[in-house]
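For reference, the structure is listed below as structure tokens.
FYI, it's all coordinate maths here, none of it is from the lab. The shown structure was predicted, so the numbers you read here are calculated from the model rather than taken from an experiment. Positions of Cβ are backbone-derived with ideal geometry, glycine not excepted, and every protein chain shown enters the neighbour counts.
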Number of protein chains: 2
Amino acid sequence: MYGHLRNLTVVEGASFIAAPSCGLYLAQLGARVIRFDQIGGGPDFGRWPKDAGGGSLYWEGLNKGKQSVAIDLRKPEGRELAVRLATAPGDGAGIFLTNYPPEGFLSHASLAARRPDQITVRVMGWADGSSALDYTINAAVGLPDMTGHPDDPRPVNHVLPAWDLLTGSMAALSLLASERRRRETGAGEEVRVPLSDVAISTLGNLGQIAEVTLSGQDRPRVGNDLFGAFGRDFITADGSRIMIVAITARQWSGLVSCLSLGAEVAALEAQAGVSFAHDEGLRFEHREALNGLVGAAVGARTLADLAPAFEKDGVCWAPYRTLRQAVAEDRRLVSGNPLFSSLDHPSGRRYPAPGFAATMSGEARAPAAPAPALGADTEEVLADLLGCDGAEIAALHDRGVVASAGKGRA
Amino acid sequence: MYGHLRNLTVVEGASFIAAPSCGLYLAQLGARVIRFDQIGGGPDFGRWPKDAGGGSLYWEGLNKGKQSVAIDLRKPEGRELAVRLATAPGDGAGIFLTNYPPEGFLSHASLAARRPDQITVRVMGWADGSSALDYTINAAVGLPDMTGHPDDPRPVNHVLPAWDLLTGSMAALSLLASERRRRETGAGEEVRVPLSDVAISTLGNLGQIAEVTLSGQDRPRVGNDLFGAFGRDFITADGSRIMIVAITARQWSGLVSCLSLGAEVAALEAQAGVSFAHDEGLRFEHREALNGLVGAAVGARTLADLAPAFEKDGVCWAPYRTLRQAVAEDRRLVSGNPLFSSLDHPSGRRYPAPGFAATMSGEARAPAAPAPALGADTEEVLADLLGCDGAEIAALHDRGVVASAGKGRA
């Protein structure tokens, strides 16, 4: 947790990955992020992975450091309360982050009618409002077709919800850009961040739209080879699988020297009339021969022998691991990483949780904060953000419009 | 292009994907983003994909809308000029975006010695300064092990550089948060955004660190099934592969109803003593049976028959496509998408290029701008950002410290 955004208040009415991860990053940077949650939990409150007691490790991972107001959103009065939160008064408030549909009771027009400088950041599936999730967008733009081994024609879905994650961080970036503009001009706006546009613009930014447009051809599947450079997985003499990449001249010369392949590579260069040193594309074109040389050299040595030699020669490499191995074996990732703090979570379990991914030198990093129990902050938020008095809050409780957290989960 | 960041000047000394994509997003939001490039191009200037004439579609995709100053960075005078650009005077300047190593001539300490409120945003591999790329980090945190079909034990590298992309957008978010703080407090800082920390914190945010820590077990590979919910690929009667997902109650009931599976699903629920309607996790646990039912129903109908029925019933689905098919067949992605403009690029080719992924209602979207030729802006930037006069600029040219673009590429 940092304090950079400490005078910013963002209200989040959102589920799944993209929008909650946006709110998470803002909370980690010091914004006050207030979720409103359906009493008993929204559609992702029980999402896997879960712990043995049924608590969603997913939900509590994505909602760390936020506050929670539990509302019955099926009641008109509950919906009115959600609108009041989204459009809360105050300089740094009136910012609503959501994946609710563009029309309906949380439309930007209806929020801006309450607060003219309202900022609404809306994560969407398709830009036209059609339903989509990371996994359908990914199939629709062709990534699974490019992924996997060339000897198996089946498409491979990614397991990392990359479009959700990228959409979440682009939403946070857009929110800060919009709030910066509001501070300068006084004007709010709606910001729409569709998964479909994040995905297709990314493929454009990487040159892949140009590639298929100009060539009229799809890029062939290259398996674990790195397209356009030298890189793939190799097996050591003792059966460890490692990823080796050489995209810069230094990485390439370090690899050739470390594996004592200078003569073989020079012979290949002479035969083909090329020089690999400063052209990663040529290394890709000649990958069959180069993979053979590197594969034989790696296969002749053990990991214990190779690892220090690679480090000494500046080779860019890593072992393949499972996540459990990664957490257990590499102190840089979790156990020795200042990003992580061991926390008690709403599930009742204690485990290490990360703070913000970037390290800011201007402020000390405070430990990560756990997710709230549902409704943990109902009273406090209604009182200090909306100015409700005790009688009003009690009446909302009595009518079942809001709920508070008891011990543990609401 | 939007104008939200119009009074912000960011100097970029960076290559590959993460840091240049950060600069790209800022440029698309209206910041003035000035790259300094080695005369003749840096290590990624010729990176694949390339067009038939050798222009890097990758480089020109990631550097759209930026300015370019070409410098000989091997000369001490060239390095001094890079430092002057990074620490340029002015309210919205003194912001440097880089993937150069933390120590050396572009260290934050040396920049802050010139400009005390300097902001330096540094993309890194491992947080400890060790060399890493997206593909080595991905292997090191276990994603390839989780990816691919369970009947094939080989790990599958992703082809989307997801960690690079997420790091780039997190860097942009961090930069705006830091600049917001500087506007409030006057203080600069260094922001470090390591690929390793972006990756491992993301797996923490998704609950996966908790999952392996608490269970002591790696999640088994589930192939194209969506972990924890209903979703996978199915084949229609006419051989089309489609992705179907149901994570919400509405998506599930729409699918069951659309495929007329109510009776079969009810029988399965009765037999197992469960209800799938409001528990996506149960749909995952019983996926073998449910996949069989849905697979048979999908396999009995053609895509032309299913597509309108799915739309009518709110089923979340998409066809699997290649990227070329996606661009050609779905007008929502490129040809009919207001994000894209057809531009002449430095390669000399004309093709559609995307603007910013989010749509901001407060300003009209201006067309995307092409990448600069190397050195296209050398004179302009030296004059107006650093206040160099004509004689000084001419002398820098004469000594080979800077270069300007001729026609086309420098």
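Across the options B:364, B:199, B:229, the greatest Cα extent toward the positive end of the charge dipole of chain B (unit charges at beta carbon of Lys, Arg, Asp, Glu) belongs to B:364. Take every pair of alpha-carbon atoms less than 8 Å apart whose residues are at least six positions apart; their mean separation over the length of the stretch B:135-257 yields a relative contact order of 22 percent. For the peptide A:147-153, the mean number of other protein chain Cβ atoms found within 10 angstrom of a residue's Cβ is 4. For residue B:279, the point set 7 Å out from Cα toward Cβ sits 6.2 nm from its twins in the other copies, listed from shortest up.
Its residue count N sets the reference 2.2 N^0.38 Å, and the alpha-carbon radius of gyration of the stretch B:258-410 equals 1.91 times that reference. Comparing A:18, A:187, A:88 in a Gaussian network model of chain A (Cα springs below 10 Å), the most mobile by mean-square fluctuation is A:187.
Summing Lys and Arg as +1 and Asp and Glu as -1 over all other residues whose Cβ lies under 14 Å from the Cβ of residue B:214 gives a net charge of 0. Summing +1 for each Lys or Arg and -1 for each Asp or Glu among the other residues whose beta-carbon sits under 12 angstrom from that of residue A:168 gives -3.
Across the stretch A:230-319, the relative contact order, built from alpha-carbon pairs under 8 Å that are at least six residues apart, equals 47 percent.
Dipole check for chain B: with +1 at the C-beta of Lys and Arg, -1 at the C-beta of Asp and Glu, and the Cα centre as origin, the magnitude is about 740 Debye. This model, with +1 at the C-beta of Lys and Arg and -1 at the C-beta of Asp and Glu, gives the protein assembly as shown a dipole about its Cα centre of some 540 debye. A Stokes-Einstein calculation at 10 °C with viscosity 1.306 mPa s, built on the Kirkwood radius of chain A over Cα pairs, returns a diffusion coefficient of 65 µm²/s. Entry for the stretch A:160-309 at q = 0.11, 0.15 Å⁻¹: log10 I(q)/I(0) = -0.64, -0.89, Debye formula applied to identical alpha-carbon scatterers, no solvent contribution. Inter-chain neighbour count for B:188-198: the average number of beta-carbon atoms from partner chains within 10 Å of each residue's beta-carbon is 5. Against the main long axis of the alpha-carbon atoms of chain B, helix B:262-272 sits at an angle near 80°. Each residue in A:190, B:329 was given a count of other beta-carbon atoms within 10 angstrom of its own, and listing them fewest first yields B:329, A:190.
Taking only the Cα atoms of the protein assembly as shown, the ratio Rg/Rh comes out at 0.96, with Rh defined as the Kirkwood radius. With its label point put 7 Å out from Cα toward Cβ, residue B:365 sits 3.6 nm from the same residue's point in the other copies, in order from shortest. Selection among B:94, B:135, B:123 by position relative to the dipole of the stretch B:90-140 gives B:94 as farthest towards the positive end (Cβ unit charges, Cα centre). Our estimate of slack between residue B:151 and residue B:305, defined as 0.36 nm per intervening residue step minus the Cα-Cα distance, is 52.3 nm.
Under the definition of Cα pairs under 8 Å and six or more residues apart, what whole-number percent is the relative contact order of chain A?
20 percent
Only lysines eight or more places from residue B:50 in sequence, or on another chain, were considered; those with a Cα closer than 28 Å are B:64, B:66, B:407.
Taking a sphere under 14 Å around the Cβ of residue B:52 and counting the other residues whose Cβ falls inside, with K and R at +1 and D and E at -1, yields a net charge of +1. For residue B:3, the label point sits 7 Å beyond Cα toward Cβ; its separations from the matching points on the remaining copies run 3.6 nm, from shortest to longest. About the centre of its Cα atoms, the stretch A:230-319 shows a dipole size close to 120 debye [charges on the beta carbon of Lys, Arg (+1) and Asp, Glu (-1) only; nearest 20 debye].
Taken over the stretch B:25-128, the convex hull of the Cα atoms encloses 121 Å³ per residue.
Entry for the stretch B:230-319 at q = 0.11, 0.19, 0.25 Å⁻¹: log10 I(q)/I(0) = -0.26, -0.80, -1.38, Debye formula applied to identical alpha-carbon scatterers, no solvent contribution.
Take the Cα of residue B:389, step 7 Å along the line toward its Cβ, and report every residue of the stretch B:61-104 whose backbone nitrogen sits under 16 Å from that point. None, by backbone N distance to the label point.
Projecting the Cα atoms of B:246, B:354, B:401 onto the dipole axis of chain B, where Lys and Arg carry +1 and Asp and Glu carry -1 at the beta carbon, places B:401 farthest toward the positive end.
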